[in-house]
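One structure is given below, represented as structure tokens, and several questions about it will come after.
The values are calculated or read from the model by the stated rules, or taken from the named source; none is laboratory data. For clarity, every value in this text was computed on a predicted model and none was experimentally measured. Cβ sites come from the backbone with ideal geometry, for glycine too, and all protein chains shown count toward neighbours. Heavy atoms of the whole protein, side chains included, go into the accessibility calculation; ligands, DNA and RNA do not. Shrake-Rupley method; radii C 1.70, N 1.55, O 1.52, S 1.80 Å.
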Amino acid sequence: MKFCICSIFVLFFAFNSLAQRGDELLDTSDNSRQFNSYIAFEVRIVDFENSLYVNDFKTTEFKIENGMIYSINKLIGVSFGINGGVILGIPYENRLQAYFNSGNSSGLDTFLKYYDEINFIDQTLAKTRYFIGFHPQLNFNINKKWKLQAGTEMRYYFQPFFDERSYFGNTYKEDGVHFDFLGNLGISYLLKDQLSIGLNYNRSFGNLRRALILNSYWNEPYTSSMRYHSLGLNVTYSF
């Protein structure tokens, strides 16, 4: 864990140093083209989309990013940032025991069909995960206060989300990953000259997990998939 945290801070300071050197060498004779550094802090509500009819795979993510913005003209800019953060683990609950304790017996067959897979996902998502990422995006200035953003984020998780497993003769096609590729859409509002607040939606293009499950307690085969998406609130300071 110490290695992960140290790696994140080394990347932040290295990237900020490069941004400052680039600014020193830049010819600023054309004021419409310039570099600005920024630091941003973001809190996200993460919802892991899944194919198992479970709607409570939700948790919180905290992220800090350091980068630079290159203003092409008064309307369009390009930004590049290096970030790091943590996704908090989801508290684990034995759903089978909770199901019987509730006295609910409707849909029991369907629940038992997916229970083992859901329980495996519950246990995996209960782990706290650290990551680093690279975040390029385009910025579109609507006016002096409002700005739209669209871009991508390449993310590396220090621990893979899902490990390969096999039991009771089941066959798995495993796509558990260290890397994830996200798309980003956002809008921000300038509170002061250097301080802005924004809202972002992020969604992964691929699956964190996708498995074909066969012969699960003599049930019909089914596919289990898991994908990241989140809604975040961020505060950005430019300098």
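Scan around ILE90 for amide H atoms under 5 Å from its own, H built in the peptide plane at 1.01 Å from N, and keep only partners 5 or more places away or cross-chain.
The answer is ALA126, LYS127.
Related question: If you plug each phi of the stretch 185-198 into the Karplus form 6.51 cos²θ - 1.76 cosθ + 1.60 with θ = phi - 60°, what whole-Hz ³J(HN,Hα) values come out, in order, with x for Gly and Pro?
Rounded to whole hertz, the list is 10, x, 9, 9, 10, 7, 7, 9, 4, 10, 10, 9, 10, x.
Under 5 Å between amide H atoms, partner at least 5 residues away or on a different chain: which partners does ILE72 have, H built in plane at 1.01 Å?
Residues meeting the criterion, in which the H sits 1.01 Å from N, are GLY77, VAL78.
Another question, then. Which ³J(HN,Hα) values, rounded to whole Hz and listed in residue order, are derived for the stretch 71-80 from phi using the Karplus coefficients 6.51, -1.76 and 1.60 in 6.51 cos²θ - 1.76 cosθ + 1.60 with θ = phi - 60°, glycine and proline given as x?
3J(HN,Hα) across the stretch 71-80, in whole Hz: 7, 5, 7, 6, 9, 10, x, 10, 10, 9.
Net charge around LYS144, counting only other residues with Cβ within less than 11 Å of its Cβ (Lys, Arg = +1; Asp, Glu = -1)?
Values: positive: LYS74, LYS145, LYS147; negative: ASP193.
Net of charged neighbours comes to +2.
At 1.4 Å probe size, with no ligands or nucleic acids counted, give the accessible surface of SER37 in Å², nearest ten.
Its accessible surface works out to 10 Å², give or take rounding.
So, one more: Kindly write out, for the stretch 85-91 in residue order, the coupling ³J(HN,Hα) from the Karplus curve 6.51 cos²θ - 1.76 cosθ + 1.60 (θ = phi - 60°), rounded to whole Hz, with x marking Gly and Pro.
Per-residue couplings from phi come out as x, 9, 9, 6, x, 7, x Hz.
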